[in-house]
Amino acid sequence: MTPEPVVRISAIEHFAYCPRQCALIHCDGVWSDNTHTIRGTRAHRRVDSGRHRQERGRHVLRAIPLWSEELGLSGRADAVEVEDGAVRPVEYKAGVRHGAAADLQLCAQALCLEEMLDVAIPHGYVWYGGPRRRLQVDFTEALRREVREVIDQIRAQLLTFKLPAAPNDARCKECQLLHHCLPELSSAPRRVNRYMDNVVFRCAI
Ligand code: SF4
């Protein structure tokens with residue numbers, strides 16, 4: 001039986017960045033763009049076209065819907081390369097590598113493809129637009145386990161409807177939901193007082 005609720009593959013990257021961001025997007029339906037997301041959308045234009053093509057002997061299939069009954073997971077692969085029977089998911093990122101978030105997302109895509117096509121997929125690639133390079137990601141047992149754990153945590157979050165506390169750290173400055181989340185207010189009462197002093201009362205003078 002498929003575990004419910006179904007988790008979106010994109011939620012894995014959001015959760016890896018910040019569990020509160022994941023809850024705001026996937027439980028509360030909040031969305032806001034910033035320069036990073038707009039750059040990402042622009043970089044995905046070709047991928048999102050869904051036009052398949054032949055590149056250096058490989059079939060490159062774009063915008064492929066993904067599903068896993070076993071994991072209760074759904075989403076889409078930016079691209080799937082097929083060459084001599086080997087299948088490799090490829091994820092496109094506009095900027096530079098930030099931790100392992102993209103690796104988790106790519107591994108989740110591979111788990112779906114393995115179930116859908118009944119093939120083994122030992123690795124895939126993340127293409128980074130910043131350095132204009134693609135990096136190979138090996139789908140080790142440890143990475144697969146981590147993906148499954150993150151999916152379970154996201155599902156638990158979807159079921160509780162609880163918004164995690166804001167870490168209010170360096171991530172917030174770059175976060176697309178900064179102005180919805182108000183991490184200063186939600187992180188601690190002491191910080192609420194400081195926020196009120198610095199922002200609200202000072203602005204009112
Ligand atoms: S602003 Fe900070 S705490 Fe809030 S969702 Fe973004 S990263 Fe998380």
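The values are calculated or read from the model by the stated rules, or taken from the named source; none is laboratory data. Since the structure is predicted, the reported quantities are computational estimates derived from the model, not experimental observations. We place every Cβ from the backbone using ideal geometry, glycine too, and count neighbours over all the protein chains shown. Accessible surface is based on the protein model in full, side chains and every heavy atom, while ligands, DNA and RNA are left aside. Shrake-Rupley method; radii C 1.70, N 1.55, O 1.52, S 1.80 Å.
Surface composition of the stretch 1-138: carbon plus sulfur atoms contribute 51% of the solvent-accessible area (1.4 Å probe, protein chains only, all chains present). Taking Cα atoms, how many degrees apart are the long axis of helix 141-160 and the longest axis of the chain, rounded to 10 and kept between 0 and 90? Its long axis makes an angle of about 50 degrees.
Restricting the GluC sites (Glu not before Pro) of the stretch 55-103 to loop positions (DSSP other than H, G, I, E, B) with no more than 16 neighbouring Cβ atoms within 10 Å leaves GLU69, GLU70. For THR35, the accessible area of its heavy atoms, probed at 1.4 Å with every protein chain present, is near 90 square angstrom. With Cα atoms defining each centre, the stretch 134-176 and the stretch 1-45 are spaced 10 Å apart in the structure.
Note on the chain: helix-only mean residue ellipticity at 222 nm, from DSSP H runs of 4+ residues weighted -39500 (n - 2.57) and normalised by residue number, equals -12000 deg cm²/dmol. Solvent-accessible area of ASP138, all protein chains in place: 80 Å² (probe radius 1.4 Å, heavy atoms, ligands and nucleic acids excluded). Take the Cβ atoms of VAL30 and ASP152, set R0 to 22 Å, and the FRET efficiency comes out at 0.45. Based on C-alpha pairs under 8 angstrom that are at least 6 apart in sequence, the chain has a relative contact order of 23 percent.
Using the alpha-carbon positions of the stretch 85-167, Rg (one decimal) and Dmax (whole number) come out as 14.6, 46 Å. With coordinates expressed along the principal axes, the C-alpha atoms belonging to the chain extend over 69, 39, 27 Å, beginning with the largest.
Taking 7 Å steps out from each Cα toward its Cβ at THR160 and ARG145 produces label points 2.3 nm apart.
Surface analysis of the chain yields an accessible area of 57 Å² per residue, using protein heavy atoms and a 1.4 Å probe. Net charge in the neighbourhood of TRP31 (other residues with Cβ under 15 Å of its Cβ; Lys, Arg +1, Asp, Glu -1) is -1. Across the stretch 1-88, the volume of the C-alpha convex hull divided among the residues equals 123 Å³ per residue.
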